[in-house]
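Single-structure report; data block below.
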Amino acid sequence: MKPFQTAALFAALPIALLAGCGVPENSAGVAPPAVAQASATPPDAAPAPPDVTGPINGIYGGRSEQVDAKIPGCPYPELGLIEIGDRTLLFPYTTDLIYVAPVQADGTVHSEVGRTTLDGHLVDGRLAFSVTTPDCTSSFSFRRRSGF
């Protein structure tokens, strides 16, 4: 279930619980059961972003930039290639810190390993994300080069 669908379900729950209040009983002396149907989008919620269109799996080329480094061992800026396969980014930030981030229908990518995070977005063949650890922050920009 998508997050906005979950929110709609919980938003409708109090209404469903109150739906039986003040309902006249039927001829058997029993109130009819309350039935609530959650809408896909709450009335005041922003519309969901469109699903990613076009190919996702493939080789992406780009670069990294060091945004913040509290220690000298943070990865240096460099050019490189990454691969998305089965709609999943497998990204080795360092030799002992590897992220597995599924590409969601709206293009977001997110992964957490311990106290570190990878957050980003894929739009029109361009992948941008950042990696934040307690000691380092790096940003990455890639463009799709080829598919498979």
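The values are calculated or read from the model by the stated rules, or taken from the named source; none is laboratory data. Please read these numbers as outputs of a predicted model, since none were measured by experiment. Glycine also receives a Cβ, built like all others from the backbone with ideal geometry; neighbour counts cover every protein chain displayed.
A few points about this structure:
One line per residue, one yes/no per condition, for (1) at pLDDT below 90; (2) at negative phi; (3) hydroxyl-bearing (S, T, Y); (4) surrounded by 12 or more Cβ atoms within 10 Å (Cβ to Cβ):
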site: E65; (1), (2), (3), (4): no, yes, no, yes
site: I71; (1), (2), (3), (4): no, yes, no, no
site: R87; (1), (2), (3), (4): no, no, no, yes
site: L97; (1), (2), (3), (4): no, yes, no, yes
site: R115; (1), (2), (3), (4): no, yes, no, no
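- Test: residue in the range 54-63 that is at positive phi, out of contact with any strand residue (DSSP E or B) (no Cβ under 7 Å at 6 or more places or on another chain), surrounded by fewer than 14 Cβ atoms within 10 Å (Cβ to Cβ) and modelled with pLDDT under 95: yes
- For the range 79-147, the strands (runs of 3 or more DSSP E) that sit wholly inside it and include 1 or more residues that are over 17 Å from the mean Cα position of the chain (by Cα) and within 15 Å of I56 (Cα to Cα) are 79-85, 136-146.
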